[in-house]
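J.: My questions will all concern the structure given below.
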Ligand SMILES: [Zn+2]
């Protein structure tokens with residue numbers, strides 16, 4: 001782990017985003033990898049106590065994806081960070097992006113039953129606001 005990661009992970013917004021993505025990953029893993037051995041995530045984020053006592057349980061494969069997601073979130077240079085799906089930087093590697101999409105599609109709707117309802121709703125609202133902003137921007141560009 002380097003200092004920059006640690007410094008970025010001290011930001012409450014970064015921590016909470018990281019918890020959400022790992023929590024959703026755990027829902028996905030529990031639903032799809034029932035036959036695999038799943039254990040509490042071991043990662044730089046976990047070492048920094050980002051997950052508190054609710055360390056998500058993941059199989060080895062999902063843990064690898066979440067370790068990647070932790071780094072991407074920590075090193076995101078956007079502030080405020082846009083909703084990833086609408087970001088024009090797209091810092092994710094193509095294969096990781098594909099995994100993340102598939103994972104979110106499964107875990108997003110199910111997150112309500114797992115205590116992630118509020119972040120889920122917030123996420124949806126943010127996405128709507130973002131689309132509106134982008135639409136307004138596009139309209140402005142056309143006018144000028
Ligand atoms: Zn898994």
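Bear in mind that the values in this text are calculations on the coordinates, not laboratory data. These figures come from a predicted structure and were not determined experimentally. Here Cβ is always computed from backbone atoms with ideal geometry, including for glycine, and neighbour counts include all displayed protein chains.
J.: Do the conditions hold for residue 40, that is, is it touching a helix residue (DSSP H, G or I) at 6+ places or on another chain (Cβ under 8 Å) and closer than 25 Å to residue 134 by Cβ?
T.: No.
J.: Could you please give the count of residues in the range 33-76 that are in a loop (DSSP other than H, G, I, E, B), away from the ligand (no atom under 16 Å from the Cβ) and within 15 Å of the chain's Cα centre (by Cα)?
T.: Matching residues across the range 33-76 total 4.
J.: Okay, moving on. Please pick out the residue among 69, 26, 46 that is out of contact with any helix residue (DSSP H, G or I) (no Cβ under 7 Å at 6 or more places or on another chain), crowded, with 17+ Cβ neighbours inside 10 Å and closer than 22 Å to residue 106 by Cα.
T.: That would be 26, the only listed residue that is out of contact with any helix residue (DSSP H, G or I) (no Cβ under 7 Å at 6 or more places or on another chain), crowded, with 17+ Cβ neighbours inside 10 Å and closer than 22 Å to residue 106 by Cα.
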